[in-house]
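Please read through the structure below; I'll follow up with questions.
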Amino acid sequence: MRRLLSFTSLVFLAVPFFFFSTVSATIAEDSRLAYRPNSGERRITCESERGRYAYCRTNTIGRVRLERRLSDAPCRQYDTWGTDGDGSGIWVSNGCRAVFSVESYGPVYPGGGGGGRTVTCKSEGFGYKHCSIGRGGRRVRIGRQLSDTRCNQGDNWGVDRGGIWVDRGCGAEFVVE
């Protein structure tokens, strides 16, 4: 009985070790979140899987440049990849997979979220829609793309005095800071 109890205790101690080491390896492999915390430049891998649109947060404000293409598909700026105006996110499409370098101009958002509130705004039937954000907070960025139609700031979404507007199929969760 004592031997069985010792074996059971050993199993309970070993299982968390293997579980957490697997989780940390998985987190390290998710390169969309990986960065070097003590340097001014970070590398982020953003991948369009099966030709679909993908959005990757950089969790900072800065200049983004394509460092190394990983796909056979071409990666052309403004065509198959691009960035938010402030460098806070990168989008890829049509099979583009690449490593991007982000040179930070400002502080890294704490915890990757920036502490803002989320406002969901979707274009219904490819029509115009306005979503109020109230007072307070004028920095708006896409937190998560919801639509198949790519949301491009100034083209099919934007911010005015009263809130966020979307049009022509753009739908996203916007972070208002």
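Each reported figure results from applying straightforward, stated rules to the coordinates on display, with no laboratory input. Predicted, not measured: the structure shown is a model, and the values here were computed from it.
Fully extended, how many nm does the chain gain between residue 129 and residue 94 (0.36 nm per residue separation, minus their Cα-Cα distance)?
On the way: separation 35, 0.36 × 35 = 12.60 nm, distance 2.76 nm.
Full extension of this stretch gives 9.8 nm more.
So who's got an amide H within less than 5 Å of the one on residue 63, skipping anything under 5 residues away but keeping other chains? H placed 1.01 Å off N, in plane.
Here the answer is 103, 105, since their amide H atoms fall under 5 Å of that of residue 63.
Residue by residue, what Karplus-based ³J(HN,Hα) values in Hz, rounded to whole numbers, does segment 142-153 have, using 6.51, -1.76 and 1.60 with θ = phi - 60° and x for Gly and Pro?
6, x, 8, 6, 10, 9, 6, 6, 5, 8, 10, 4
Something else: Ordered by residue, what ³J(HN,Hα) values in Hz, to whole numbers, does segment 85-92 give under the Karplus form 6.51 cos²θ - 1.76 cosθ + 1.60, where θ = phi - 60° and Gly and Pro are x?
So the J values, rounded to whole Hz, are x, 9, x, 7, x, 10, 10, 9.
Taking amide H positions as placed 1.01 Å from N in the peptide plane, with prolines and chain starts having none, which residues 5 or more places from residue 83, or on another chain, fall under 5 Å of its amide H?
When sequence neighbours closer than 5 places are left aside, the close amide H contacts are 91.
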